[in-house]
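Have a look at the structure below, then the notes.
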């Protein structure tokens with residue numbers, strides 16, 4: 001993952017989506033916690049008026065791709081709570097993206 005400052009953090013672990021739900025759930029929980037933490041850090045920096053790097057925008061888009069892939073995978077039985085958590089993360093990413101776009105338009 002790359003933050004706004006450009007520092008590199010460990011990349012998100014790619015989950016084996018064909019594994020039984022019992023095996024992926026702890027990994028998804030870890031992913032959600034890590035992604036929400038990174039998203040919170042980015043949000044705080046955007047709120048301070050810091051510019052967003054190309055890598056950080058890429059990170060946001062990667063989260064969207066990952067969430068869509070997970071939610072759309074019919075072989076996974078995610079359960080209502082996990083689906084809800086993934087959709088909340090997707091909404092948080094969308095909100096931050098809109099905040100970044102608004103900030104960029106004000107800078108013009």
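The values are calculated or read from the model by the stated rules, or taken from the named source; none is laboratory data. Computed from a predicted model, the values in this text were never measured in an experiment. For neighbour counting, all protein chains shown are included, and Cβ atoms are generated from backbone atoms with ideal geometry for every residue, glycine included.
Keeping to the range 80-108, report how many residues are surrounded by 12 or more Cβ atoms within 10 Å (Cβ to Cβ) and either modelled with pLDDT of 90 or more or closer than 12 Å to residue 28 by Cβ (or both). Matching residues across the range 80-108 total 16. Name the residue that is surrounded by the most Cβ atoms within 10 Å (Cβ to Cβ), counting only residues in the range 65-74 that are farther than 15 Å from residue 35 by Cβ and modelled with pLDDT of 90 or more. This residue is 73. Could you grab me the full set of residues in the range 41-68 that are under 14 Å from residue 104 (Cβ atoms), outside any helix (DSSP H, G or I) and either free of Cβ contacts under 8 Å to residues at least 40 places away in the same chain or touching a strand residue (DSSP E or B) at 6+ places or on another chain (Cβ under 8 Å) (or both)? Within the range 41-68, 53 is the sole residue that qualifies.
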